[in-house]
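The values are calculated or read from the model by the stated rules, or taken from the named source; none is laboratory data. If you're wondering where the values come from, they're calculated on a predicted model, not measured in any experiment. Here the Cβ is made from the backbone with ideal geometry for all residues, glycine too, and neighbour counts use every protein chain on show. The area values use the complete protein model at the heavy-atom level, side chains included, leaving out ligands, DNA and RNA. Shrake-Rupley method; radii C 1.70, N 1.55, O 1.52, S 1.80 Å.
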Amino acid sequence: QLRYDASHDALTGLPNRALIRERLTKALHRSRRSGISLALLFVDLDGFKLINDSHGHEAGDGLLKAVANRLIEQVRPGDTVARLAGDEFVILCEQVEQPEAMSILAERINDSLREPIEFGATPLFVTASIGIAIGSGSTHSADDLLRYADTAMYAVKEKGRDGWAFFSESLQEQAKRRLTITNGLRTAVERD
């Protein structure tokens, strides 16, 4: 029980950040041996804070449980759905031979989450921004894939949310440029 509690999210029962990193690392080792890629989808809910603020944390918790169940319904047996924190989820898919299959999965997730979630008599609405990173154990680490999927998810947020995007090197470069500009502006303000 202690081991389970340490490796699973108390609210949803999904694997937590520590367990998904461990599973991702092992999946990358298997990928290196098999030569078959894997995918990581970073799913961040749009509008979750508004639900928490307007309907309370009980509604927010109910919504997160419902989202977890909807994500599980969309993945293949053997894929892992995990909750990182707050309204952030990740999905680990092994044996990905066709990247297009991940765009189809992301589209199904978006469609599923657009459906209202009943909380008492109140329907709650959220959407999701999904970043997709495809990688292999011979070229990527667990941290790489988590960072890449996160970067792609933020690109979706910036384009208006409720969608998905694959990670690309150009997204990484944009993120680096944005960070450089942000840090430069902070320094400039501090120095008047």
*asked:* With an 8 Å Cα cut-off and a minimum separation of 6 or more residues, compute the relative contact order for the chain in percent.
replied: 25
*Pull out a ≥ b ≥ c, the square roots of the eigenvalues of the alpha-carbon gyration tensor of region 97-192, then state rounded if a/c is under 1.5, prolate if not and a/b is larger than b/c, and oblate in the remaining case.*
oblate
_Whole-Hz ³J(HN,Hα) for each residue in region 17-29, computed from phi via Karplus 6.51 cos²θ - 1.76 cosθ + 1.60 with θ = phi - 60°, x for glycine and proline: what do you get?_
4, 5, 5, 5, 5, 5, 5, 5, 4, 5, 5, 5, 4
*residue 36 accessible area, assembled protein chains, probe 1.4 Å, Å²*: 40
_With +1 assigned to the C-beta of every Lys and Arg and -1 to the C-beta of every Asp and Glu, and no other charges, what is the dipole magnitude of region 85-192 about the Cα centre in debye, to the nearest 20?_
480
*asked:* Give me the one-decimal nm value for the distance between modelled label points at residue 168 and residue 49, 7 Å along each residue's Cα-to-Cβ direction.
replied: 2.9
*Kirkwood-Stokes translational diffusion coefficient of region 40-176, alpha-carbon pairs, 10 °C, 1.306 mPa s, µm²/s*: 104
*Leaving out ligands, DNA and RNA but keeping every protein chain, what accessible area does residue 29 have, in Å² rounded to the nearest 10, with a 1.4 Å probe?*
80
*asked:* Run through region 95-145 and list the GluC sites (Glu not before Pro) located in a DSSP loop whose Cβ has at most 12 other Cβ atoms within 10 Å.
replied: 97
*Near the amide H of residue 14, under 5 Å away, which other amide H atoms are found, from residues 5 or more places off or on another chain, if H is placed in the peptide plane?*
9
*Under a 5 Å amide H to amide H cut-off, with H placed in plane at 1.01 Å, what residues pair with residue 127 once short-range neighbours are removed?*
46
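Express in nm, to one decimal, how much length is gained between residue 191 and residue 139 on full extension, taking 0.36 nm for each residue of separation and deducting their alpha carbon distance.
Numbers: separation 52, 0.36 × 52 = 18.72 nm, distance 4.18 nm.
Working it through step by step, the gained length comes to 14.5 nm.
Within the chain, what whole-number % of the accessible surface is contributed by carbon and sulfur, with the 1.4 Å probe and all protein chains included in the calculation?
In the chain, the share of accessible area belonging to carbon and sulfur is 52 percent.
For region 1-149, with every protein chain kept in place, what is the accessible area per residue (1.4 Å probe, Å²)? Present the calculation step by step, with values, prior to reporting the outcome.
Details: 7220 Å² over 149 residues.
Roughly 48 Å² per residue, with all protein chains present.
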*From the backbone phi of region 142-153, what are the Karplus-calculated ³J(HN,Hα) couplings (6.51 cos²θ - 1.76 cosθ + 1.60, θ = phi - 60°) in whole Hz, Gly and Pro given as x?*
4, 5, 4, 5, 4, 5, 5, 5, 5, 4, 5, 4
*Keeping every protein chain in place, order 139, 80 by accessible area at 1.4 Å, biggest value first, i.e. largest first.*
139, 80
